[in-house]
Amino acid sequence: MIEIFVTLLTATFFGLFAGLMPGIGSSALMLTSLPLLYVLPPELCILFYALGIQSSQFSGSVSAINFGMMGELTSYPALAERQYILKNNLQQTALKFTAIGSILSCIVPIMCLYPLLEWFRGHSLLMRTDFTLLIMFIIILFCIWYKTNSKLTNVFLLAAGIFISQIGLRSQGSAEREFFTFDQPFMYGGIPMIAVLGGLIAVPLIMKYINWKETVSVAILDVPEQKINFPVWSSVRGGLLGLFTGLLPAVGTQIGSNLAWRVEKFFHPNDNHVSVMSRLTSAESANNGSQITVLIPLLILGIAIVPSEMILLSVIETKSWMPGQSTWTLLGLNFYAWLMITLTVSSIICYIVCYTFIKVISGWIGKHLNNINKFCILIMAISVFYAGSLVEARTFFVSCFIIFSFIGILFKKIDFIPLVAGYFIGDILIDTIVILSFMYG
Amino acid sequence: MKKMKKIIVTLFTFIMLTSTVYSKEKSISFYVGHSNGGISSAFQTAISQELIKKGWDVDFKIIGNCGQVSELLKTSNKPILAGWGADWNSLATNVCYNPPKKQEFITTFVVSPRLLCGPYNDLNFKLVEGKKYKIAVNQGQNHHVLLNALGKKIGVEFHVIEYKNSGFIKRAMQAKEVDAWFTTRGLVDHENKKQKCLYGTLDKKYADIVPLNTLLSTDNVFSSFVAYLLVNKNVQGELKKQLEKDIISIVNSKVYQNALKSSGAFLTKETLEKQLALIEATAKAYKK
């Protein structure tokens with residue numbers, strides 16, 4: 001019982017903190033939490049992830065409104081509406097509405113998650129290898145059309161990711177296949193995931209924000225709350241959009257809030273109090289809704305579709321976790337029941353913290369921003385080196401991390417998401433093609 | 001007062017020294033080369049937990065790569081315990097080829113028969129002469145050799161599809177992607193009447209399952225899953241004796257035997273020579 005309590009509190013507070021801090025994205029949150037994840041059983045790791053990411057999204061918009069900084073792409077709508085909010089002293093109202101929108105769009109999907117998972121599991125079509133290939137194909141398409149880079153760059157990055165994922169010694173039953181190991185035993189384990197993800201995604205993001213205090217403008221939160229009705233339908237629309245976009249590979253959680261914001265602009269195009277609050281609430285609801293559905297492909301097929309989830313998968317795979325085959329129970333309740341309970345409790349904690357204590361917290365963070373950011377970088381570096389100390393080929397691990405960090409910083413204008421996605425789908429893609437070649441060959 | 005202080009310091013030093021020596025003596029690195037989700041890594045995890053309960057300081061890691069574990073066994077200065085699959089010894093050119101030597105061998109810890117079973121909830125499953133069946137097997141283990149021979153013998157055609165591990169095969173069965181499977185996962189569901197198994201790599205007939213050695217005379221009929229524990233050169237003398245004693249008591253315990261049974265595996269008390277002979281025969285069963 002104590003472990004679930006510790007997971008709930010740690011994940012919620014780590015997530016809230018990560019959301020409040022610009023530059024500490026969900027991938028960096030997962031990297032920083034590695035020492036904890038390595039000691040938890042796989043089911044609690046999944047709980048930690050779900051709670052942490054949900055909490056970070058809860059407080060992410062607070063960071064955007066308060067500091068005017070975009071930690072992640074999901075905070076763009078809050079940032080876009082910030083000027084109007086500050087000009088019209090809507091800070092308190094905005095915080096209240098985003099908190100209510102977040103809690104609504106969390107609890108409804110949480111209630112639907114278990115029946116949804118059961119439905120997916122009951123439909124054998126979704127467990128078929130050809131269906132897995134279809135998902136892989138969708139991921140590849142999304143990576144190629146990933147808007148930050150040119151299509152050619154994306155194809156190159158994706159291919160590079162798949163290539164890197166295949167390096168190492170793969171056990172195939174009683175035989176082994178060596179790929180680009182150059183007969184060096186330290187390369188049998190392949191290129192470490194943390195080196196790829198941490199070096200190409202987390203390090204450049206943190207480097208971008210290392211001196212962010214220079215551009216920050218802290219908003220005054222001590223303004224009276226204005227009397228506007230909570231935009232329920234905007235929240236429902238955003239929440240539903242988020243549920244569907246959460247299933248989109250690589251970008252689902254990022255585009256959910258932006259899409260909901262744009263859709264809401266159609267219903268509320270004006271720049272007045274009601275319209276601005278409706279757009280903001282819809283975007284925030286979509287943001288949190290997508291964090292729940294992003295778990296479905298992982299729990300059913302073992303496919304991670306966003307980078308932070310990929311870190312989780314790489315940890316739980318070392319703990320004999322198989323998708324859909326968990327027999328873990330605590331106090332007579334299974335994993336899914338605990339997922340629903342803890343997500344609900346965590347949402348309530350987030351609401352209380354984000355709405356009630358935010359003035360105190362953001363005041364403190366505002367004062368110590370630079371030091372906290374540097375401390376976070378230190379913690380992440382320690383966590384990554386701790387993860388490195390667990391592997392046998394330590395020098396190789398550290399070398400890979402440094403090389404990938406160097407590449408990430410040098411080519412900071414390139415978004416490496418397609419490469420990371422290619423790295424993660426590489427194994428499943430090759431396995432799926434091999435199975436289908438047996439089946440139809 | 002001075003005397004009292006001296007006694008406390010002496011006692012403290014003694015405790016620190018003895019606990020250091022004790023922990024050093026019962027300290028081992030336990031590396032798993034098998035992939036996740038399989039029966040072998042699950043039982044190695046269970047053994048490591050039992051070793052900790054018996055006072056061992058275990059550095060347990062699921063490396064999931066037999067090549068890396070093989071290299072560590074050869075080069076590391078640490079005392080290492082590792083689980084090995086008999087099927088890895090089928091070819092001398094394999095990176096993971098490591099037939100057990102008497103001085104490095106501890107014990108077999110899983111013997112799981114491979115069974116040819118039908119879909120879930122189809123208790124009338126049978127192989128009809130002249131028909132073609134899609135059958136799921138573990139990849140890279142040459143099961144097509146045995147299944148082609150069996151197909152010829154009973155007059156059916158098997159379309160063999162190779163999957164990464166038993167977990168993926170189970171999913172394929174649930175998805176009705178294949179008509180039958182030939183894995184180590186069927187015995188429990190067969191005994192609980194949730195599916196029907198027809199043939200198996202058994203010594204004798206068991207629960208109406210026909211032993212393949214009564215139909216075919218090839219080495220491949222012994223392709224059960226056999227896994228064993230071995231140590232590197234740094235585990236010798238008293239350390240090896242203590243480890244051997246503790247592990248054998250773990251695998252012979254009622255809890256472990258029940259866990260084996262509930263996953264369709266078993267382990268009988270055999271002499272060291274017989275265990276080594278079983279491993280050798282199993283390695284041959286995976287050859288082309």
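Laid out as a table, the results:
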{"item": "Search result, residues across the range B:244-262 that are surrounded by 12 or more Cβ atoms within 10 Å (Cβ to Cβ) and either on the phi > 0 side of the Ramachandran plot or small (Gly, Ala, Ser) (or both)", "result": "B:SER249, B:SER253, B:ALA259"}
{"item": "Test for B:THR214: is it hydroxyl-bearing (Ser, Thr, Tyr) and crowded, with 16+ Cβ neighbours inside 10 Å", "result": "no"}
{"item": "Some residue of the range B:38-50 being more than 22 Å from B:ASP246 (Cα to Cα) and at pLDDT below 90", "result": "yes"}
{"item": "Failed item in (1) out of contact with any Gly (no Cβ under 6 Å at 6 or more places or on another chain); (2) within 9 Å of another protein chain (Cβ to nearest Cβ); (3) crowded, with 21+ Cβ neighbours inside 10 Å, with B:GLY83 passing the rest", "result": "(2)"}
{"item": "Residue tally, condition within 14 Å of chain B (Cβ to nearest Cβ) and either within 20 Å of B:LEU72 (Cβ to Cβ) or free of Cβ contacts under 8 Å to residues at least 12 places away in the same chain (or both), over the range A:151-192", "result": "24"}
{"item": "Some residue of the range B:188-195 being more than 14 Å from chain A (Cβ to nearest Cβ), in contact with a Leu (Cβ under 8 Å, 6 or more places away or on another chain), within 29 Å of A:GLY302 (Cβ to Cβ) and polar (S, T, N, Q)", "result": "yes"}
{"item": "Residues satisfying the stated conditions in the range B:71-109, i.e. basic (Lys, Arg) and assigned to a loop (DSSP other than H, G, I, E, B)", "result": "B:LYS78, B:LYS101, B:LYS102"}
{"item": "Residue satisfying condition, being within 14 Å of chain A (Cβ to nearest Cβ) and within 17 Å of the chain's Cα centre (by Cα), within set B:VAL178, B:VAL137, B:VAL145", "result": "B:VAL137"}
{"item": "Flag if B:TYR206 is among the hydroxyl-bearing types (Ser, Thr, Tyr), more than 14 Å from chain A (Cβ to nearest Cβ), surrounded by fewer than 22 Cβ atoms within 10 Å (Cβ to Cβ) and within 20 Å of B:GLY264 (Cβ to Cβ)", "result": "yes"}
{"item": "A:ILE352 more than 14 Å from every other protein chain (Cβ to nearest Cβ), at pLDDT 80 or above and under 24 Å from A:GLN91 (Cβ atoms)", "result": "yes"}
{"item": "Test: residue in the range B:215-222 that is more than 22 Å from B:VAL137 (Cα to Cα) and among the aromatic types (Phe, Trp, Tyr)", "result": "no"}
{"item": "Residues satisfying the stated conditions in the range B:71-87, i.e. under 20 Å from B:ILE247 (Cβ atoms) and hydroxyl-bearing (Ser, Thr, Tyr)", "result": "B:SER76"}
{"item": "B:ALA42 more than 10 Å from chain A (Cβ to nearest Cβ) and among the small types (Gly, Ala, Ser)", "result": "no"}
{"item": "Condition met for A:GLN291 (modelled with pLDDT of 75 or more and out of contact with any Asp or Glu (no Cβ under 7 Å at 6 or more places or on another chain))", "result": "yes"}
{"item": "Residue selected from the range A:296-325 under the condition small (Gly, Ala, Ser) and part of a helix (DSSP H, G or I), by the criterion farthest from A:ALA50 (Cα to Cα)", "result": "A:SER314"}
{"item": "Condition check for A:ILE194: under 28 Å from the mean Cα position of the chain (by Cα), at pLDDT below 85 and closer than 30 Å to B:TRP88 by Cα", "result": "yes"}
{"item": "Failed condition for B:PRO99, given (1) of a type outside the set (Ser, Thr, Tyr); (2) touching a Ser or Thr at 6+ places or on another chain (Cβ under 8 Å); (3) touching a residue at least 60 places away in the same chain (Cβ under 8 Å)", "result": "(2)"}
{"item": "Helices (runs of 4 or more DSSP H) fully within the range A:1-52 counting 2 or more residues that are over 14 Å from the mean Cα position of the chain (by Cα) and among the aromatic types (Phe, Trp, Tyr)", "result": "A:2-20"}
{"item": "Selection status of B:VAL156, more than 10 Å from chain A (Cβ to nearest Cβ), touching a Leu at 6+ places or on another chain (Cβ under 7 Å) and surrounded by fewer than 22 Cβ atoms within 10 Å (Cβ to Cβ)", "result": "yes"}
{"item": "Residue pairs meeting the criteria (Cβ under 8 Å; at least 6 apart or on separate chains; first facing chain B (nearest Cβ under 9 Å), in the range A:126-150; second of a type in the set (D, E, K, R))", "result": "A:MET127/A:ARG121; A:MET127/B:ARG171; A:MET127/B:GLU177; A:ARG128/B:GLU177; A:THR129/B:GLU177"}
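The values are calculated or read from the model by the stated rules, or taken from the named source; none is laboratory data. Computed from a predicted model, the values in this text were never measured in an experiment. Cβ atoms come from the backbone with ideal geometry, glycine included; neighbour counts cover every protein chain shown.
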